[in-house]
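**Student:** Mind having a look at this structure? Questions to follow.
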């Protein structure tokens, strides 16, 4: 079983739709959960950062973590064509320096006009 | 907004040659990382660096790889003798004190080994 699993997509939605992106994981030591957005041939851009379980909202983005199910989600409201990108979930477990991130494979999202 | 920068953006080299990839971290960030992404695959951790020493490294980061902060600002990744399978995007990431999980990535260096 992979440490972090993410449906690669592609996911195609109409403009204005609510998008739901998800990851599951197997390592119960993960405590920190991140979502990154990556445009083609660019570096990952940090969107959301969450510690442990719960919800976090930032503008049109909401991140949810359910540690009991080992499941995290990113919701995008009122999706825009500019949201078209690959979304990567990432996780880490160590609380000290040197925290490596373990990434999912990424979900490719296309928001169509 | 402060950002991580990387040079060069694209490096082409012959197999067996040495390459040095450079990163300028966000000012006052203390944690430094290198990741790589082979085309079509996931981002993979290579090494973390804090307080002038390696904190953790992956099994990918073998004796052919090294990192250093030669002048207190730049952070470099050296590959001593490149192989075809080293062809990938290499990303530098940095994090601030107390925020070591909020890692900010640079734009990457695309390394092509021929």
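**Student:** How many of the residues in the stretch B:56-87 are touching a residue at least 24 places away in the same chain (Cβ under 8 Å), in a strand (DSSP E or B) and more than 23 Å from residue B:3 (Cα to Cα)?
**Tutor:** Number of matching residues: 1.
**Student:** Within the stretch B:29-41, is there a residue that is without any contact (Cβ under 8 Å) to a residue 12 or more places away in the chain, within 9 Å of chain A (Cβ to nearest Cβ) and touching a strand residue (DSSP E or B) at 6+ places or on another chain (Cβ under 6 Å)?
**Tutor:** Scanning the stretch B:29-41, I find no residue that is without any contact (Cβ under 8 Å) to a residue 12 or more places away in the chain, within 9 Å of chain A (Cβ to nearest Cβ) and touching a strand residue (DSSP E or B) at 6+ places or on another chain (Cβ under 6 Å), so the answer is no.
**Student:** Out of the stretch A:48-73, which residues are closer than 22 Å to residue A:16 by Cβ and surrounded by 15 or more Cβ atoms within 10 Å (Cβ to Cβ)?
**Tutor:** A:48, A:61, A:62, A:63, A:64, A:73
**Student:** Count, please, the residues in the stretch B:80-114 that happen to be buried (at least 20 other Cβ atoms within 10 Å of the Cβ), over 15 Å from the mean Cα position of the chain (by Cα) and either more than 8 Å from chain A (Cβ to nearest Cβ) or closer than 30 Å to residue B:15 by Cβ (or both).
**Tutor:** Adding up the residues that qualify gives 0.
**Student:** Any idea how many residues of the stretch B:43-58 are at pLDDT below 95 and either at the interface with another protein chain (Cβ under 10 Å from one of its Cβ atoms) or buried (at least 16 other Cβ atoms within 10 Å of the Cβ) (or both)?
**Tutor:** Of the residues in the stretch B:43-58, 10 are at pLDDT below 95 and either at the interface with another protein chain (Cβ under 10 Å from one of its Cβ atoms) or buried (at least 16 other Cβ atoms within 10 Å of the Cβ) (or both).
**Student:** Looking at A:50, A:62, which one is free of Cβ contacts under 8 Å to residues at least 40 places away in the same chain, within 19 Å of residue A:93 (Cα to Cα) and out of contact with any helix residue (DSSP H, G or I) (no Cβ under 7 Å at 6 or more places or on another chain)?
**Tutor:** Only one candidate passes the filter, namely A:50.
**Student:** Sticking with this structure for a sec: Quickly run through the stretch B:1-14 and pick out the residues that are exposed (fewer than 13 other Cβ atoms within 10 Å of the Cβ) and in a loop (DSSP other than H, G, I, E, B).
**Tutor:** Matches in the stretch B:1-14: B:1, B:2, B:9, B:14.
The values are calculated or read from the model by the stated rules, or taken from the named source; none is laboratory data. Fair warning: this is a prediction, and the values are worked out from it, not measured in the lab. Using ideal geometry, Cβ is built from the backbone for each residue, glycine included, and neighbour counts are taken over all protein chains shown.
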